[in-house]
């Protein structure tokens, strides 16, 4: 059985207090002349007990229960002998020491071992029995002493059993308390596990909520982008002018997507001309800078890439065409036709890491719609041109020429400008058709129209096919003399043109009539009639000649 010395140092302190009290009492008794030699005996005995306790404590009672048991037994016997001294102070001191030593033994033996009761009972009763017997036999052989001894033994035994009954009760309460603590700990553990499970579920719900919010954001963004694409498609499908289309696209992207700057550049290969548009939330106009970048060839490298270009961490000054704007993210989307890049859609944002995969798809969708719209515009322009031109000669047809003549006539009247009109006919064209066939006749018509259109255009003239083999030319802001000189050149070139049917040279000539407002006509409405009259005068008077309108016709 292992001894418990947890509180031994406190017992040593109590012994020291007893020694101090005895010394104090001895001094008082010395000065008050009731000095008793037994006080010195008690003091010496207490000091010896104290020293022995300290020594045993320092050496852990020699780690031997027998040593501890014997020492305590001796100390208790000495204390029991002091109890029976006639000096009241010594007797009370002996009782206190005896009780203190018993408690010390109880604490040392502990309450967990089943031999505890027997050990403590012997230590509590045996020393007092020995001391009482000694006093009864050798010193005070009286009935009082005997009964006092028996009374104290009975009290010690009674106190002993009361103490252990209380101890057992405390043990039971401790067991109950431990059981309650165990149950409480178990419940706490269950609560902790439940709390952990709840936390896991909570974290999962938070994660799911975040995922749902992110999915909702993506859905809203996708819906917004789809709406914008549909709106753009709706508007784009109705826009057939390229510059108007570019204005619409840049405005829509800037307003709906939230980018800070949107630029669009389209290259027309036929005209060798760049169409461009720059829109920005910044107050500054970046058009000149962007045009400079186009003309200097800075954007050529992006035309050659042929695929989207993204930079989500733009350093200031990295791109000259951005004109030193504050940019965090940039995307360049090529506009393709038959895998050839003919345009670029450029979007910029001040924040970094903005251009994501879904944004890229959106911009590519816009680029595809732009390509479709431009193709539609080109097709419309082509069809519109075809609607204006004569299918065979590729000059303006009669309907459109009349519209052009009407516009020029209004302007001439309004601004008091000159306006000359020429009408001519291919001489003996029916004979050419009958002799060489209609296919060769078409060749003659196309040749005459080509010569006429080229020469007239050099002098701001506009040519049209008036019907059959008749052609008409209008010269805005030209007087009759200027018009005559131009028509003389055209007449000579047509006559000099060598047109062969197989190996046979066919000579072609024309009869021409010229009139002019306001020199010869008082009204622009008379121009066609007067020119036609002059032309028929040429045909009636030998053909192959030029007739100027006059009052004698």
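Any idea which residue in segment 256-275 is surrounded by the most Cβ atoms within 10 Å (Cβ to Cβ), counting only those that are under 22 Å from residue 350 (Cα atoms), at pLDDT below 85 and touching a helix residue (DSSP H, G or I) at 6+ places or on another chain (Cβ under 9 Å)?
Step by step, filter segment 256-275, then rank; the result is 259.
Considering only residues of segment 318-349 that are within 20 Å of residue 374 (Cβ to Cβ) and outside any strand (DSSP E or B), which is farthest from the chain's Cα centre (by Cα)?
Applying the filter and picking the extreme gives 338.
Residues that are out of contact with any strand residue (DSSP E or B) (no Cβ under 7 Å at 6 or more places or on another chain), under 20 Å from residue 391 (Cβ atoms) and without any contact (Cβ under 8 Å) to a residue 12 or more places away in the chain: find the helices (runs of 4 or more DSSP H) completely inside segment 412-522 holding 2 or more of those. Steps first, please.
Numbers: elements: 429-436, 438-457, 480-496.
By residue number, 438-457.
Condition (residue is surrounded by 14 or more Cβ atoms within 10 Å (Cβ to Cβ), over 60 Å from the mean Cα position of the chain (by Cα) and over 15 Å from residue 452 (Cβ atoms)) applied to segment 485-498: is it met by at least one residue?
Checked segment 485-498: no residue is surrounded by 14 or more Cβ atoms within 10 Å (Cβ to Cβ), over 60 Å from the mean Cα position of the chain (by Cα) and over 15 Å from residue 452 (Cβ atoms).
Can you tell me which residue among 352, 315 is surrounded by 12 or more Cβ atoms within 10 Å (Cβ to Cβ), at pLDDT 80 or above and within 25 Å of the chain's Cα centre (by Cα)?
Details: 315 fails: surrounded by 12 or more Cβ atoms within 10 Å (Cβ to Cβ).
Of 352, 315, the one residue that is surrounded by 12 or more Cβ atoms within 10 Å (Cβ to Cβ), at pLDDT 80 or above and within 25 Å of the chain's Cα centre (by Cα) is 352.
Specify which of the listed residues (279, 288, 304) is assigned by TED's automatic domain parsing to the domain that holds residue 372, modelled with pLDDT of 80 or more and under 30 Å from the mean Cα position of the chain (by Cα).
Details: 288 fails: under 30 Å from the mean Cα position of the chain (by Cα); 304 fails: under 30 Å from the mean Cα position of the chain (by Cα).
That would be 279, the only listed residue that is assigned by TED's automatic domain parsing to the domain that holds residue 372, modelled with pLDDT of 80 or more and under 30 Å from the mean Cα position of the chain (by Cα).
Among what's in segment 276-310 and is touching a residue at least 40 places away in the same chain (Cβ under 8 Å) and in a strand (DSSP E or B), pick the residue that is farthest from residue 374 (Cα to Cα). Full working, then the answer.
Taking segment 276-310 and keeping what is touching a residue at least 40 places away in the same chain (Cβ under 8 Å), we get 280, 282, 299, 302-303, 308, 310.
Applying the additional criterion that residues be in a strand (DSSP E or B) yields 280, 310.
Values: 280: 23, 310: 24 Å.
Here the answer is 310.
Would you mind telling me which numbered condition in (1) over 60 Å from the mean Cα position of the chain (by Cα); (2) in a helix (DSSP H, G or I) residue 376 fails?
Looking at each condition in turn, residue 376 falls short on (1).
If residue 242 satisfies all but one of (1) surrounded by fewer than 18 Cβ atoms within 10 Å (Cβ to Cβ); (2) modelled with pLDDT under 85; (3) assigned by TED's automatic domain parsing to the domain that holds residue 334, what's the number of the condition it fails?
The one condition residue 242 does not meet is (1).
Looking for whichever is assigned by TED's automatic domain parsing to the domain that holds residue 276, in contact with a helix residue (DSSP H, G or I) (Cβ under 8 Å, 6 or more places away or on another chain) and either touching a residue at least 60 places away in the same chain (Cβ under 8 Å) or surrounded by 16 or more Cβ atoms within 10 Å (Cβ to Cβ) (or both) here; the options are 374, 327. Which one fits?
Being assigned by TED's automatic domain parsing to the domain that holds residue 276, in contact with a helix residue (DSSP H, G or I) (Cβ under 8 Å, 6 or more places away or on another chain) and either touching a residue at least 60 places away in the same chain (Cβ under 8 Å) or surrounded by 16 or more Cβ atoms within 10 Å (Cβ to Cβ) (or both) holds for just one of 374, 327, which is 374.
The values are calculated or read from the model by the stated rules, or taken from the named source; none is laboratory data. None of the values given here were measured: they were computed from a predicted structure. Ideal geometry is used to build each Cβ from the backbone, glycine not excepted, and the neighbour counts take in all protein chains shown.
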